[in-house]
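To start, the structure itself, in structure tokens.
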């Protein structure tokens, strides 16, 4: 039987045997095995390439936190987020008012527009911030509420002389705490002085009763 020998293994055109495992191997079988191995390696390579080039989701940074208030206009497709810091604003102290204007469908920021903010308190006093230029969709301003109570925040968005949205939000403001010296004086005036006056009156009454008893 003729054949070709590789490392003591004889391969022939007809069925032959390998001395080690007694398994029938032909040149046709070797060709099939080689093709299968090539296809397997190619498949693994394709899987790795596809896995590494899968599209990544785009994440847009928007507002968050306990003071967040959303507003949605489905007709114009605009969403406005509003938040403020600190969580409990105090009158006559700075408060940061933040806004984020987004496309309701895509979640992307609306860019290159002008915003106007009007703040109205319980006393119907209005404070206006007009035509604020906004480039990337987010903007903020610092404002000290002059009075405690409820405040309405009106926001209008305009782009190319066209009104995109008008939103309304609310902020509750607490009264400021009195300074320590004023608080101490209030305690003295409201508690200590009345007590001292009452003590003096009782002493005078006792003295007067004592004099009447001696007579």
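Laboratory data are not the source of any read-out in this text; all were calculated from the coordinates shown. Treat the numbers as computed from the prediction; the structure is a model and nothing was measured. All Cβ positions, even for glycine, are placed from backbone atoms using ideal geometry, and neighbour counts span all protein chains on display.
Scoring residue 70 on the criteria (1) outside any loop (DSSP other than H, G, I, E, B); (2) under 19 Å from residue 159 (Cβ atoms) leaves a single failure, condition (2).
If I ask for residues that are exposed (fewer than 13 other Cβ atoms within 10 Å of the Cβ) and in a loop (DSSP other than H, G, I, E, B), which ones from segment 147-180 would you list? Within segment 147-180, 160, 161, 175, 176, 177, 178, 179 qualify.
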